[in-house]
Amino acid sequence: MDGKHMKLKGNTEATMSNCASLLKRSHAAKAGSERATTKVRLKAKPAREEITAKSLQAELDTLLAAAEIEVEQVKSAQAGVLKAQTAAEAEAKATPEGGGGALDKELIRLATELERSSEEASKSVAGCMARMDGATNMMRIRGPTEELKASAGVLQNRARTVKSSLEEMLQKARAAKATAAQRVEREVRKAEALKEAARQEAIFRQYDKDSDGLLDESEIRAYIAGEYTFQLAEEKLAQILSASPDGVSHADFAKLRSQINDAWNEVLNKQRKEKNDKQMAMIKRNSAEILSALSGVESEVAKAEAQVRILGPMVTRGVTMLDMLGERTEAAESAVDAARDFLAAAKEQALALGVDSNFETEAKQMAAVEARNLQMKVTALENRVNTAAHVSKAARSKIQLQERKAALLREAPELRADWI
């Protein structure tokens with residue numbers, strides 16, 4: 001028996017040794033496979049990056065070529081703008097206040113067309129720059145090799161060049177356009193001033209009935225009646241004539257108009273003040289009426305609070321005072337509803353106090369302050385009514401609960417004793 005046991009033991013040890021050897025060789029083979037896979041992956045990564053970079057560079061090259069063509073078209077339009085600018089500036093320098101005529105208008109037209117035609121070029125250039133924006137994008141475009149990095153740098157320089165070229169052309173065109181527009185606007189103002197001067201001269205001659213080159217008292221009165229909508233006070237007219245006893249000449253006509261306008265503004269300001277005073281008096285009167293109404297509303301709120309005040313103890317006693325609780329709850333609910341109705345009417349009046357768009361500035365400010373103060377009082381009363389309504393609602397819920405319990409007890413008499 002001992003020999004057999006020794007033999008079995010030896011066989012077992014040999015088997016275990018073989019298994020360990022096989023397991024060791026298996027782990028070694030797996031590790032070798034993983035190392036080989038990693039080497040393949042590391043070798044494949046640069047190849048993939050190179051393919052990606054070549055693809056991105058080819059795509060960017062195509063986009064840049066299209067953008068460069070569009071920028072060249074803008075440059076062709078710029079030649080016309082520069083030519084028009086030279087002609088307009090030469091005309092402007094010919095006289096101290098020259099320019100502002102057809103040449104400047106043509107320059108503005110050409111510059112505007114250049115801006116419009118450059119929109120597509122701007123979008124194309126922006127698209128190229130967006131593809132190179134950020135370190136990650138540029139890393140993918142550069143790729144792993146020195147050759148790819150060099151070609152990526154060339155593409156980047158092309159993009160920067162086309163972008164700066166377009167921006168420079170647009171900046172120059174806009175500057176030339178702005179200068180020309182200023183000259184045109186100046187000439188427009190001059191033309192309008194001359195037109196107005198001619199109109200005023202015609203008006204002067206219209207009222208200079210005796211054609212002596214002076215407007216006397218009667219002619220000034222006729223002028224005011226025909227050109228304005230008010231009657232000049234006698235003291236104002238006397239003040240005007242005191243400086244020109246023989247009448248107002250055409251040279252002083254502008255001063256006469258200014259004096260009449262000042263007098264007219266005084267009339268308007270007086271009318272505005274009177275209107276403002278009336279509006280403020282009305283606001284005060286309306287505010288006082290609303291305050292009086294709110295006093296009545298507060299009385300209704302107090303009644304509702306008095307009704308709900310006695311509900312608290314009754315709610316806690318529940319079943320023993322259910323009938324009386326129902327009566328008191330109905331009375332409280334009626335009081336709350338009445339208070340809410342009165343409050344809604346007062347609130348509407350308070351909100352309407354400051355909404356008149358015809359109010360003068362001071363009256364409008366006063367109305368806003370009064371409306372805000374009234375709204376604060378309304379809000380306080382609303383909070384009190386809501387509190388009272390919450391109590392009456394709790395009482396009503398208690399009644400409904402007791403009624404449901406009573407109904408259940410009627411349906412199941414055997415539960416009555418347990419409930420009591």
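The values are calculated or read from the model by the stated rules, or taken from the named source; none is laboratory data. None of the values given here were measured: they were computed from a predicted structure. Cβ coordinates were reconstructed from backbone atoms using ideal geometry, including for glycine residues, and neighbour counts include every protein chain displayed.
Taking (1) buried (at least 18 other Cβ atoms within 10 Å of the Cβ); (2) among the hydroxyl-bearing types (Ser, Thr, Tyr); (3) without any contact (Cβ under 8 Å) to a residue 40 or more places away in the chain in turn, THR329 satisfies each apart from (3).
The residues of segment 230-281 that are loosely packed, with under 15 Cβ neighbours inside 10 Å and of a type in the set (A, V, I, L, M, F, W, C), listed by number, are PHE230, ALA233, ALA238, ALA243, ALA251, ALA254, LEU268, ALA281.
Selection within segment 93-107: residues that are at pLDDT 90 or above and buried (at least 19 other Cβ atoms within 10 Å of the Cβ). The member of this set that is farthest from SER164 (Cα to Cα) is LEU103. Checking each residue in segment 201-225 for being loosely packed, with under 13 Cβ neighbours inside 10 Å and part of a helix (DSSP H, G or I) picks out GLU201, ALA202, ARG205, SER218. Exposed (fewer than 14 other Cβ atoms within 10 Å of the Cβ), modelled with pLDDT under 85 and in a helix (DSSP H, G or I) - does that describe any residue in segment 373-388? For segment 373-388, residues exposed (fewer than 14 other Cβ atoms within 10 Å of the Cβ), modelled with pLDDT under 85 and in a helix (DSSP H, G or I): absent. Taking segment 89-101 as the range and being assigned to a helix (DSSP H, G or I) and within 11 Å of GLU187 (Cβ to Cβ) as the test, only ALA92 passes. For ARG142, the conditions (1) over 17 Å from GLN73 (Cα atoms); (2) surrounded by fewer than 17 Cβ atoms within 10 Å (Cβ to Cβ); (3) not aliphatic (A, V, I, L, M) all hold with the exception of (2).
Looking across ALA293, ALA288, one residue alone is surrounded by 15 or more Cβ atoms within 10 Å (Cβ to Cβ), at pLDDT below 90 and not assigned by TED's automatic domain parsing to the domain that holds GLN239. It is ALA293.
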